[in-house]
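A short worksheet on the structure shown next.
Where a number appears in this text, it was derived from the coordinates with a stated rule and is not lab data. Note that this is a predicted model, so its numbers are computed, not measured. Quick reminder, even Gly has a Cβ in these numbers, built from the backbone with ideal geometry, and neighbours come from all protein chains shown.
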Amino acid sequence: MPDLDIETTERLLRRASADLVARFSGVFGAETIDRYVHESYQALHHTSAITQFLPVLAARFAEERLVALAQATGAMAKPVPEVVFVCTQNAGRSQMAAALLGQLGGGRLHVRSAGSQPGERVEPLVIEVMSEVGIDLSEAFPKPLTDDVVQAADVVVTMGCGDACPIYPDKQYLDWKVADPRGQGLDEVRAIREEISAHVAQLLTQLPGADRRTPEEPHR
């Protein structure tokens with residue numbers, strides 16, 4: 001599919017901004033929202049190989065960042081613990097971890113993921129092995145790590161991204177030594193999924209009000 005022209009892209013971004021102005025009425029002004037939408041578009045445009053869907057993805061990314069900013073500043077309530085998973089490309093490990101924790105934790109927490117150097121797309125084998133356990137990552141996309149998302153988090157879990165994540169007081173930082181699924185075969189990626197699942201189940205027992213189910217249950 002051909003890339004969108006500049007005029008169409010701008011029209012779609014303006015529409016996304018208008019929708020988010022209504023969504024965040026009384027929280028953020030139109031200028032802030034428009035800036036977040038355009039910044040999110042530019043951030044995704046730097047890494048994505050295909051741009052025809054970027055306005056839609058930018059709107060989703062901007063909304064996620066605006067919620068995080070509102071929670072970090074106290075403008076919106078944060079009713080459940082916030083966890084963010086960070087790896088290098090946000091194309092494998094962090095996507096898997098976020099999806100598994102979201103599935104296992106239900107509505108007891110909110111989960112985000114990001115990458116210090118986002119890739120072009122989620123790894124195909126990652127999508128495949130997650131579909132085996134009932135999780136659809138076909139519409140997931142790599143997102144850059146932003147300061148607002150880290151500020152909103154209660155727990156920050158890193159996986160192979162070094163010291164790229166900013167450090168703030170009163171947050172729990174964990175580093176999981178998990179292999180990168182990029183370039184691995186199907187069996188190896190399945191093994192990585194299982195290792196992450198075990199980590200996720202352990203993390204869930206440590207979160208306030210956590211559900212204490214076993215690591216195998218997300219696979220049912």
message: What number does the chain give for Rg over Rh if you use C-alpha atoms and the Kirkwood radius?
response: 0.97
Contact order normalised by residue count of the stretch 4-98, Cα under 8 Å, 6+ apart, percent: 24
field: Rg and Dmax [Cα atoms of the stretch 1-93; Å; Rg one decimal, Dmax integer]
entry: 14.4, 42
- prompt: If you take the alpha carbon radius of gyration of the stretch 126-195 and divide it by 2.2 N^0.38 Å, what ratio comes out, to two decimals?
  reply: 1.30
field: Helical segments meeting 15 Å axial Cα length and Kyte-Doolittle -0.5 threshold in the chain (DSSP H)
entry: 6-23, 54-72, 93-105, 186-206
message: Under 5 Å between amide hydrogens, which residues at least 5 positions from ASP175 or on another chain qualify, with H placed 1.01 Å from N in the peptide plane?
response: THR158
task: Could you grab the relative contact order for the chain? Cα pairs under 8 Å, six or more apart, rounded to a whole percent.
output: 19
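Based on the Cβ-Cβ distance of ALA191 and ALA30, what FRET efficiency does E = 1/(1 + (r/R0)^6) give at R0 = 41 Å, to the nearest 0.05?
0.25
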statement: Counting only DSSP loop positions in the stretch 109-215, the trypsin sites (Lys or Arg not before Pro) whose Cβ has at most 11 other Cβ atoms within 10 Å are LYS177, ARG212
task: Mind checking which aspartates and glutamates have their Cα closer than 18 Å to the Cα of LYS78? Skip sequence neighbours fewer than 8 apart in that chain.
output: GLU63, GLU64, ASP147, ASP148, ASP154, ASP170
query: Which FRET efficiency value, to the nearest 0.05, do you get for LYS177 and GLU128 by plugging their Cβ-Cβ distance into 1/(1 + (r/R0)^6) with R0 = 22 Å?
result: 0.40
